[in-house]
Each structure stands twice: as C-alpha cells, then as structure tokens.
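Taking it in order: structure first as structure tokens, then the write-up.
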Amino acid sequence: MKYLITLLLGLAVGVTMAAGLLYVNPLAIDSGQVLAEADDVFGFDSPLTGELAFASDGLSRLTSHPSGVPDLWETAIVKSALSVIALKDSTGVPVGVASRVSYPAETTELLTTGVLLNDDWLVSLPDSGSFFVTSQANWWPFLKETVIPIWYFGQPWSGSSAIDPTIGPDSSGHAIVTGATGEFVGRFGNATEHYDVREFDTQVGPSQLAAELRVAWRNE
Amino acid sequence: MLKATFIGGLILGFAATLSAAGFYPWVDHLRVESRTQVLPNGGRQENFFIRLPVDQIATVGSAELAPGAAAFPADLALPEPLADASIRVDHFKVRDAMGEVVGVGSRHHVGLADGAAAVWSISLPSRGAVQLVGRTGSDQISSALARAGYVAGTPWDGTVEVSLGDGNTRTGILVGGSGEFTPLTGTFLERWQITGVDAAGRLQGTIELNTTSSLAQ
C-alpha cells in the first residue's frame, strides 16, 4: 500500500513539475511580429463594447450579442465565434465592415506551438471593394501572462498590455491577404493584428482595447 | 525501494504530461463527411445550403441590396458614416447536402462603380475556409420578389427562384481559401429559393451555393 501511495505521490509531483515547465515553456512559439510598414491600418474596438454583433457557443464568458443573435451551438461549429466589426481609419471614423470567424486550430499543441486560433476575415469598404484575410494567431503568451493569472490565480490586472498574436499562415509569419472585388481585385498582401488591452474585466476579459488590422499590399 | 518508486512515479508523471502536451489532440473539430461529387471532367462539386430564417445569425446594412428586413436582430445598425453606404453584410449557419450544420458563412454585398458584388467566406472549422467572389445585380432578388407580388412591410407567400449572375454564366469564382481549400479554384452558382416573407421582413426559403472546383494549375 505504501508503495502505491509513494508512486501516486511521485506521479503528482512529476505532473506538477511538467505543468510548471509548460507554463514557462521556452519552446512554445512567442508572440508574432507586427508589420513594420502598412499601406492600410484599420482600427477596431473590444468585442465587449465596440463590435456590431458577436456570436459564440453561448456557454463561454463572452456571450452572443445583441439580443436575438443565435448561439453557435451545433457540434461542428461549437468552438467557433463570429465577430461583426466596424473598421475605422486613423481618425476613428468608421470606413468599413469586417466579418471575422475564429476557431481554434487543430495544430494547437502545448509543447512547441501554443494556443493557436484561425481567423477568417472578410473585409469590405463601401465603394472600394472587398478582400479576404486568412490569419493564424498564437494567444498563449496573452493567456499565460494575463488571462490565467487573473481568472484562475486571482491576481489583479497589472495594467495595459500590448499583444501581437499573428504568426501565420504565411511563411513570413504574417496573415495572407487576397483581394476580391473593386480596387482590390488581383492584389495580394500580408496583414497582422495588434491589440492594446487597456481594461480587463475579471468576468469576461478585455473590456477596453484598441486593436489594429495592418495590411501591406504586395506590388505584383 | 520507496525512493526508487517515488522517482519512478515522478519521471512517469513528468514524461506523461509532456507527451500529452505535445501529442494529445487538444483541438479536434467534428469532421462531417464531405458530400462531394466527382464530375466527369475531373472537378468536384459540393453544395452548401442555408435554411432561412433558422440559419440567419446577423444581418446589417443597406435594405436596397437585398429583400426583407434591413437588419437582424432588428436593432442592429451600422455606425453613422456607413449607414447610407451601399453595403450589406449577412451571416449564416451553413449546412451540407444532408442538412447538417458544418460551418459559418459571411456574405458581403457591396455596391461598386461597375455594379454590385457578393463575396462569401465560409468557415468550416474542420476543413478551412472557402472563398467565393460573385457578380450580381444590386437588386436582383428584390426585383424578382416584387414581380411575384411582394410588397415591403406586408407578409408574402409564394415561390421565387433566382440564380444570381448575368444568367449566362455561373455567379462567380471560387478563389481558394485556407486549409484544404487553399489549392482549389473553380466557380459557383448562388441560387435563392424564397417561399415567404414574414411581417417583420424575415425571409423564408433556401440559399444554395453550388461549388465546382479543381486543383489550381
């Protein structure tokens, strides 16, 4: 009996040590890099306060809104979230609308990559046209440094934090932009997302943030 | 012996946890069997369906670009500088040929100098995203409904079928996407079958997206 208890004790210590190592894991991919030069920079707000509409599974901390938007409860899409976003220019004036469908990437693993999220953007600017952005983001640094300490360890919000989550899928580490209509037809480029979290609600997450979608078009 | 047992347990727990972190499928979206058909010319055909009104998630934008209510939910609105813009965005749950929900679709209908375009991004979490770019008249569906007797603001029953595009070609092109759709190109046909409009302006019926694709050369 004492050997069994000793074995279980050893297992528990081993699991705890490994979990601690994973938490500070130096092998996991770090944050992405923001595009140094961008042709277009679109600002947007927190999904809590600034989005036109949001849909999720209905069970997560961030619920679907406004009232009447149905939850994404079906099994094949239950881990997905839809954000309908007003995009602003540098002066804060809305200039377009974006639809972003986000879902965890099946390449997520906690040893060498992190918590990866796929984002499929469809962006439209009235009179100008539409383009697609295919993005993959690593949210593990933000989860590790901000979300887990506040939500699970009861630590206070330490103040503003900047996040550059985009890591692909382009080999350059940026998102892929594909022009669709209007002045964007036949054009390709890269994009990154940047977030400045300014307030963090202990119940639902980032309540005030300034976010950017930076787009650089390639000359082809 | 106790010491060896403890160290053995520790190593086992440590290794098992790291292995699980690296190899456990932390994200495994339900993969619904793809309902595709291989065409005689070597391409493949896959149809997606949207059942209205149950699959509607959110709609906002110009009422001129599509029939029915300008917004769903009704209090959804674009911010002021965009309120009069020629743009309408729809979001739907997307079903396969067996009627099972397999994805989330975004449709942007934008008025341009040379006509209107309807662009789709359909995200299928287990497979990737498929991107569609179509040309359409700005009021093709509204005109067909009006010809069938629909008057805005009043309930209507009947059947109207509209295939978007110029009538001679399919609605537009499939430009690829992400995941398994990355290497594909093709065409698609967007067909609306409307069987009613309720008092609130919500459409009843089916939107069908008929895609034909093959590997890009």
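The values are calculated or read from the model by the stated rules, or taken from the named source; none is laboratory data. Every value quoted in this text rests on a predicted model; they were computed, and no experiment measured them. Here the Cβ is made from the backbone with ideal geometry for all residues, glycine too, and neighbour counts use every protein chain on show. Calculation scope for accessible area: heavy atoms of the full protein, side chains included, ligands and nucleic acids excluded. Shrake-Rupley method; radii C 1.70, N 1.55, O 1.52, S 1.80 Å.
Figures for the structure shown
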read-out: Residue check, B:V60 among the aliphatic types (A, V, I, L, M), within 30 Å of A:V115 (Cβ to Cβ) and within 7 Å of chain A (Cβ to nearest Cβ); value: no
read-out: Restricting segment B:19-30 to residues that are open to solvent by 40 Å² or more (accessible area, probe 1.4 Å) and facing chain A (nearest Cβ under 8 Å), the residue that is nearest to B:L209 (Cα to Cα); value: B:L30
read-out: Tabulated pairs, segment A:133-151, first over 30 Å from A:D40 (Cα atoms), second open to solvent by less than 40 Å² (accessible area, probe 1.4 Å) and in a helix (DSSP H, G or I), C-beta under 7 angstrom, 6+ apart or interchain; value: none
read-out: Hits in segment B:160-189 (condition: open to solvent by less than 50 Å² (accessible area, probe 1.4 Å), closer than 15 Å to B:A144 by Cβ and not in a loop (DSSP other than H, G, I, E, B)); value: B:V160, B:V162
read-out: Strands (runs of 3 or more DSSP E) wholly inside segment A:131-220 containing at least 3 residues that are closer than 30 Å to B:G172 by Cβ and either of a type outside the set (D, E) or open to solvent by 20 Å² or more (accessible area, probe 1.4 Å) (or both); value: A:175-179, A:188-201, A:205-217
read-out: Test: residue in segment A:83-90 that is more than 8 Å from chain B (Cβ to nearest Cβ), modelled with pLDDT of 90 or more and under 24 Å from B:F23 (Cβ atoms); value: no
read-out: Filtered residues of segment A:24-46 (kept if open to solvent by 20 Å² or more (accessible area, probe 1.4 Å) and either over 18 Å from A:P165 (Cα atoms) or modelled with pLDDT under 80 (or both)); value: A:V24, A:P26, A:L27, A:I29, A:D30, A:S31, A:D39, A:D40
read-out: Pair list, Cβ < 8 Å and 6+ apart or interchain, from segment A:99-110 residues that are closer than 14 Å to A:L143 by Cβ and facing another protein chain (nearest Cβ under 7 Å) to residues that are charged (D, E, K, R) and part of a loop (DSSP other than H, G, I, E, B); value: A:P104/A:K79
read-out: Residue within segment B:150-159 that is surrounded by fewer than 19 Cβ atoms within 10 Å (Cβ to Cβ), without any contact (Cβ under 8 Å) to a residue 60 or more places away in the chain and touching a Phe, Trp or Tyr at 6+ places or on another chain (Cβ under 8 Å) present; value: yes
read-out: Pair list, Cβ under 6 Å, 6 or more apart: segment B:33-59 residue open to solvent by 60 Å² or more (accessible area, probe 1.4 Å), other residue small (G, A, S) and part of a loop (DSSP other than H, G, I, E, B); value: B:R35/B:A97
read-out: Any strands (runs of 3 or more DSSP E) falling wholly within segment B:67-137 and containing at least 1 residues that are of a type in the set (S, T, N, Q) and at the interface with another protein chain (Cβ under 8 Å from one of its Cβ atoms); value: B:101-112, B:115-124, B:128-136
